[in-house]
Structure formats: C-alpha cells, structure tokens
Amino acid sequence: MSNLVKRKARTRSLNRRPLGLIFIILAWSLAMGWLLALATSAHSATPTAEIGTVDVIPPGQKLGQELYLENCATCHIGLPPAVLPSRTWRNLLQDSQHYGVQLKPLIDPPRALVWRYLSTFSRSQLPDEETPYRVRNSRYFKALHPKVDLPRPVQINGCVTCHPSASEYNFRRLSAEWEK
C-alpha cells in the first residue's frame, strides 16, 4: 500500500512540473520580449525633428542624397524627390542645359548614386501625363500642398516662406502660421 501511495504522489508532482515549467518559460519570454522591445525602440526611434528631410533615408541612400544636395542645392533649394516624377529627375540628370544655364554634367558613379536616390524617393508618372519641369506643373507638388494658396508663380526659392529650414533640406519644420 505504501508503494501505491508513493506512486500516486510522484505522478501528481510530475503532472504539476510541466505546467509549472511552461508557466515559468512563458513569463520569462514575455518579460524578455517586453525588455527587448523597450530597448530597440529607444535606440532606433529618431525624433521627427532630427530627421529633417521628408523621407527617412536608409544608410545605402545617404551618399546619393549628399551628392544630390552638393550638386543641386548649392545654386537653389534642393527639392525633395517626391515633388517631381522620376522621369523629370532622369531627364534633368542627363541634360547639361539646366533651365537656361549650361552645367557640367554629372558622370558615373556619382550620377548613378544620385539617380538611385532620386528614383527611389520620386514618384511614377501617368502614361499620358506630360513631364513637368516646373514645380508649379507637378501634380505631386500640388498633392503635397492641399488647401495651400500658393503664390503665383510658384518658385523654388519661395519654399522658405512656409518651410523656414528648406535651405537646410528640412521640409518638416513649418513657419508658425502653418504649425497650427
């Protein structure tokens, strides 16, 4: 009889162990997952004020962006690629005549890096749509500025009116009038 009692006691303790073990593993996993999520979100979250540009640029595109700004934003405000379609950017990169000014064309590899950056962040164009070469003709520019009474004519240097940090390629910061 005593052996039967011992077996029943051992069977009960074995039945409780897997359930207890599963509970401990579950609690440990949840705690570790919560801590890991907390740690990764603290390191990877970049405040919007620090991003500056319209898009968060992956490390592989940073050099293309820098070359774009170095070659284009020295004469005028560098426009975010999303303002014009990809076809416009491609044509601008290939043409040495830039709005009445003769430019030294970019050659590869810098041109390829700039094109990769611009084509990644610009937009497609409808098949029957005319290629816009002026910001005022771009449907994307108009879509990015809904309910904004734009000055006539729209000029690139006029961006600073609403985007005071546009000259630093920061289009996220708006003037006090538009912050509301």
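Annotations
- Any hit, segment 135-150, residues being of a type in the set (A, V, I, L, M) and in a strand (DSSP E or B): no
- Matching option when the condition is in the same structural domain as His163 (by TED's automatic domain parsing) and either at negative phi or at pLDDT below 80 (or both), among Leu63, Leu21: Leu63
- Residue list for segment 26-41, filter: among the small types (Gly, Ala, Ser) and either in the same structural domain as Ser167 (by TED's automatic domain parsing) or modelled with pLDDT of 75 or more (or both): Ala27, Ser29, Ala31, Gly33, Ala37
- Residue check for Ser44: over 30 Å from Leu93 (Cβ atoms), more than 23 Å from the chain's Cα centre (by Cα) and either among the β-branched types (Val, Ile, Thr) or modelled with pLDDT under 80 (or both): no
- Restricting attention to segment 140-180 and to residues that are surrounded by fewer than 13 Cβ atoms within 10 Å (Cβ to Cβ) and among the aliphatic types (A, V, I, L, M), the residue that is nearest to Leu84 (Cα to Cα) turns out to be Ala143.
- Ser167 vs. criteria modelled with pLDDT of 80 or more and either assigned by TED's automatic domain parsing to the domain that holds Leu63 or under 22 Å from Pro59 (Cα atoms) (or both): no
- Among the conditions (1) at pLDDT 80 or above; (2) in a loop (DSSP other than H, G, I, E, B), the only one that Ala82 does not satisfy is (2).
- Test: residue in segment 87-107 that is of a type in the set (Ser, Thr, Tyr), crowded, with 18+ Cβ neighbours inside 10 Å, in contact with a Ser or Thr (Cβ under 7 Å, 6 or more places away or on another chain) and assigned to a helix (DSSP H, G or I): yes
- Qualifying residue in segment 135-149 (condition: touching a helix residue (DSSP H, G or I) at 6+ places or on another chain (Cβ under 9 Å), among the charged types (D, E, K, R) and within 22 Å of Pro58 (Cα to Cα)): no
- Looking only at segment 108-122, and only at residues there that are assigned to a loop (DSSP other than H, G, I, E, B) and surrounded by fewer than 18 Cβ atoms within 10 Å (Cβ to Cβ), the one that is modelled with the lowest pLDDT: Asp108
- Flag: Arg136 matches the condition of being surrounded by 12 or more Cβ atoms within 10 Å (Cβ to Cβ), more than 22 Å from the chain's Cα centre (by Cα), farther than 20 Å from Thr74 by Cα and of a type in the set (Lys, Arg).
The values are calculated or read from the model by the stated rules, or taken from the named source; none is laboratory data. Keep in mind the model is a prediction, meaning the values are calculated, not measured. Quick reminder, even Gly has a Cβ in these numbers, built from the backbone with ideal geometry, and neighbours come from all protein chains shown.
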